Amino acid sequence: MLTKKQSMSKTPRFVLTSLIFTLTLLLSISLSAQDAGGGEAAADGIPTDDAVVSAGESLFKANCTQCHAIHEKVIGPALKDVHERREKSWLLSWIKNSQKMIQSGDETAVSLWEEYNKTAMPAYPFSDEEITSILSYVKVESAKEPAAEVAATDGGGDGTTAQAGNQVASGYLTAVLVVLIVVLVLILVVLGLIVSVLTKYLKDQKAELDEEDQEVVSQRFDLQKLIMSDFFIGAVVFIFVAVLLKTAIDGAFSIGVQQGYQPTQPIAFSHQIHAGQYEIDCNYCHTGVRKSKAANIPSANICMNCHTAIKTESPEIAKIYKAIDYDPSTGEYGDNTQPIEWVRIHNLPDLAYFNHSQHVKVGGLECQTCHGPIEEMDVVYQYSTLTMGWCINCHRETNVNTKDNEYYSKLVELHNEHSKEPMKVEDIGGLECSKCHY
């Protein structure tokens with residue numbers, strides 16, 4: 001028979017063993033789910049890991065979008081589920097050298113060549129791993145709905161693009177919270193069982209316990225006493241004050257920050273269609289981005305370069321016609337013109353100076369550096385915070401673009417004498433207050 005001290009000494013060991021068992025069970029379930037999810041990728045030899053898909057996306061957009069889309073036919077066929085329609089080995093050979101396969105008499109290759117007006121597909125010197133990553137991207141995108149069906153191209157700016165990203169992030173957060181709650185409940189259940197077993201055991205050994213220990217074993221939980229205790233009241237006050245201060249601090253730091261701002265525009269314009277699907281250069285519409293402080297809002301006459309003939313029946317295009325007093329039936333312009341009241345999305349305070357040409361032309365930055373994946377946005381929203389800290393971090397991390405720029409040649413020479421690291425923007429005064437404040 002165990003004494004009281006012996007039984008109490010085994011309690012921590014029993015608690016630790018129970019917790020390890022619970023966590024091991026949860027980990028086993030998680031690993032089993034991951035193994036089940038990866039079975040499809042192992043079956044067809046095309047993985048769906050995030051890193052592989054991301055690499056494939058970069059290769060696809062850089063080399064394939066001129067002729068192919070996932071869900072629709074362009075110059076070449078739509079690639080939706082191509083991994084199911086063709087063997088992987090055939091796809092590897094076709095992408096590396098399609099003409100060689102056609103000349104070899106491969107029936108599928110010859111059929112495709114003739115179906116698409118004998119248009120030759122360029123040979124790409126990709127490795128098998130690179131082509132596999134492209135197929136991984138196509139496989140993942142094939143499972144998604146076409147963008148044209150999801151996005152309301154003629155609708156107003158209702159925030160669906162930003163909300164979709166927020167919903168995904170919110171889903172992950174909810175899943176994490178659910179798992180944590182389940183783990184906590186299991187731990188509490190295990191601890192409750194331990195307490196119950198120990199209490200029962202000690203009650204059976206009541207004769208061997210002194211009066212003080214018997215009082216402890218026999219006592220009952222008093223909720224009112226707990227609530228009125230100094231510890232409980234102090235804990236509640238501390239948590240309340242901490243939450244209040246955290247909320248106030250977060251609110252103070254968010255003043256003037258409009259990340260995610262997505263207003264409704266007077267005319268629905270889709271960057272996903274214009275810059276993404278049709279790959280129209282941003283500089284074609286935003287004419288000041290390379291030569292001016294401001295990128296400028298495109299004028300209606302730029303829209304009319306295309307829309308005198310394209311989608312003339314669209315209700316949104318009709319709004320442009322009305323603004324410039326254009327009659328599409330006669331092709332004539334009137335005198336009753338009105339400005340299109342576009343809503344500005346990206347705003348910097350008046351005390352901050354920013355020059356687009358300095359960053360885009362001289363610095364060589366892409367639009368996506370600050371504006372995010374603009375070519376994927378059906379409705380534009382503010383992607384970055386555009387705060388001072390965000391700008392300073394960029395100046396600390398960005399290399400100075402000195403290619404074909406003699407202005408920096410002497411600075412680069414002096415910098416290289418004292419440092420082996422590339423010259424950053426901060427090395428040429430990028431952190432000086434007067435650079436941005438005047």
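The values are calculated or read from the model by the stated rules, or taken from the named source; none is laboratory data. The model shown is predicted, which means the values in this text are computed figures rather than measured ones. Note that we place each Cβ from the backbone using ideal geometry, even for glycine, and neighbour counts take in every protein chain shown.
Observations on the model:
- Candidates 430, 364, filtered to the one that is small (Gly, Ala, Ser), farther than 30 Å from residue 272 by Cα and in a loop (DSSP other than H, G, I, E, B): 430
- Whichever residue in the range 364-398 is of a type in the set (S, T, N, Q) and within 27 Å of residue 429 (Cβ to Cβ) and, among such residues, is surrounded by the fewest Cβ atoms within 10 Å (Cβ to Cβ): 393
- Selection within the range 90-115 - closer than 18 Å to residue 59 by Cα and either touching a His at 6+ places or on another chain (Cβ under 8 Å) or not hydroxyl-bearing (Ser, Thr, Tyr) (or both): 91, 92, 94, 95, 96, 97
- From 293, 311, residue being exposed (fewer than 14 other Cβ atoms within 10 Å of the Cβ), of a type in the set (D, E, K, R) and touching a His at 6+ places or on another chain (Cβ under 8 Å): 293
- Taken over the range 413-425, the criterion of being assigned to a helix (DSSP H, G or I) and surrounded by fewer than 17 Cβ atoms within 10 Å (Cβ to Cβ) is satisfied by 413, 414, 416, 417, 418.
- Residue 289 under 28 Å from residue 428 (Cα atoms) and hydrophobic (A, V, I, L, M, F, W, C): yes
- Residue 340 vs. criteria over 31 Å from the mean Cα position of the chain (by Cα), over 24 Å from residue 290 (Cβ atoms) and among the β-branched types (Val, Ile, Thr): no
- Residue list for the range 240-299, filter: more than 30 Å from residue 318 (Cα to Cα) and outside any helix (DSSP H, G or I): 254, 255, 256, 257, 258, 259, 290, 291, 292, 293
Yes/no matrix, rows are residues, columns are (1) at positive phi; (2) among the β-branched types (Val, Ile, Thr):
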site: 345; (1), (2): no, yes
site: 360; (1), (2): no, yes
site: 366; (1), (2): no, no
site: 386; (1), (2): yes, no
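- Meets criteria (of a type outside the set (A, V, I, L, M), surrounded by 12 or more Cβ atoms within 10 Å (Cβ to Cβ), out of contact with any Ser or Thr (no Cβ under 9 Å at 6 or more places or on another chain) and part of a loop (DSSP other than H, G, I, E, B)) for residue 401: yes
- Scoring residue 431 on the criteria (1) surrounded by fewer than 17 Cβ atoms within 10 Å (Cβ to Cβ); (2) within 21 Å of residue 255 (Cα to Cα) leaves a single failure, condition (2).
- Filter result (without any contact (Cβ under 8 Å) to a residue 12 or more places away in the chain and either under 14 Å from residue 90 (Cβ atoms) or surrounded by 14 or more Cβ atoms within 10 Å (Cβ to Cβ) (or both)) within the range 107-146: 107, 110, 111
- Residue that is farther than 30 Å from residue 68 by Cβ, touching a Leu at 6+ places or on another chain (Cβ under 9 Å) and at pLDDT 85 or above, where the choices are 217, 182, 241, 236: 182
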